[in-house]
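To start, the structure under review is shown below, and the notes come after it.
The values are calculated or read from the model by the stated rules, or taken from the named source; none is laboratory data. Please read these numbers as outputs of a predicted model, since none were measured by experiment. Positions of Cβ are generated from backbone atoms using ideal geometry, with glycine treated the same way; all protein chains shown enter the neighbour counts. Ligands, DNA and RNA are excluded from the accessible area calculation, which covers all protein heavy atoms including side chains. Shrake-Rupley method; radii C 1.70, N 1.55, O 1.52, S 1.80 Å.
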Amino acid sequence: MAGRRAAVKAVDWLAFAERVPPNQKTMFNALKTRSDTIAAKLTSLPAKPPTIDWAFYRTAIAKAGLVDEFETKFNATTIPEPKDTQTEKINTQEQESNKSALSYIEESKARVVQYEKELAKFRSMIPFDQMTFDDVVEAFPETKLDKEKHVYWPHKPIAEL
């Protein structure tokens with residue numbers, strides 16, 4: 001049992017708690033409490049189960065051969081441990097999510113560069129309270145009203161409003 005305990009990954013509860021949304025804190029606390037309870041129960045168990053004193057039972061039980069039969073059956077019994085089928089799936093999901101996170105970070109860096117260019121444009125232009133209509137159209141061409149194509153106010157298609 002001690003070898004299996006060493007193989008189990010420890011959960012970084014502080015890093016986990018940082019990623020939990022505020023509306024799910026109670027569920028997170030319940031999960032942590034339950035996990036801590038199970039972990040405490042597992043650590044309280046001995047690494048090996050106590051051995052059975054077959055000699056004591058041979059002297060205490062009157063029927064001959066019954067204890068020997070139990071002992072042979074007990075020693076022949078093997079309890080299969082469940083096979084781990086999910087770790088590989090989890091590891092592949094983790095690798096995929098790491099790849100997607102890295103690509104998202106790279107895309108975000110590209111967006112930051114683009115937004116910094118826009119910010120530099122906004123910082124270098126004339127203050128709004130000093131702009132004329134022509135300055136606004138020059139700075140923001142998408143706001144230009146097309147009075148020739150759309151003669152009536154608001155000089156834009158209704159669908160774009």
Dipole magnitude (debye, nearest 20) for the chain, charges at Cβ of Lys, Arg, Asp, Glu:
860
Where Cα atoms sit under 27 Å apart: lysine pairs in segment 65-161 separated by 8 or more or lying on different chains
10
Quick calc: nm separation of the 7 Å Cα→Cβ label points for ALA17 and LEU31 -> 1.5
I need the calculated FRET efficiency for the pair ALA101 and PHE70, taking r as the beta carbon distance and R₀ as 41 Å, to the nearest 0.05.
0.10
Taking a temperature of 37 °C and a viscosity of 0.692 mPa s, what whole-number D in µm²/s does Stokes-Einstein yield for segment 93-161 with Rh from Kirkwood over alpha carbon pairs?
207
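Quote the FRET efficiency, to the nearest 0.05, computed for GLN130 versus LYS156 with a Förster distance R0 of 35 Å and r equal to the Cβ-Cβ distance.
Values: r = 26 Å, r/R0 = 0.74.
E(calc), rounded to 0.05, equals 0.85.
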Relative contact order as a percentage, the chain, C-alpha pairs under 8 Å and 6+ apart, gives 9
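Could you please put SER35, SER100, SER124 in sequence from largest to smallest accessible area, using a 1.4 Å probe?
Working: SER35 40, SER100 65, SER124 95 Å².
Final ranking, largest accessible area leading: SER124, SER100, SER35.
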If each Cα of segment 31-74 is one equal point scatterer, what is log10 of I(q)/I(0) from the Debye formula at q = 0.24, 0.25, 0.27, 0.29 Å⁻¹?
-0.81, -0.85, -0.92, -0.99
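What is the projected area of the convex hull of the Cα atoms of the chain, averaged over all directions, in nm²?
Projected area, direction-averaged: 21.1 nm².
Go through GLU118, GLU148 and list them by solvent-accessible area, largest first, probe radius 1.4 Å.
Working: GLU118 75, GLU148 170 Å².
Putting GLU118, GLU148 in descending order of accessible area: GLU148, GLU118.
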With no solvent and one equal point scatterer per Cα, compute the Debye intensity ratio I(q)/I(0) for segment 34-127 at 0.12, 0.16, 0.17, 0.19 Å⁻¹ and report its log10, rounded to two decimals.
-0.79, -0.96, -0.99, -1.06
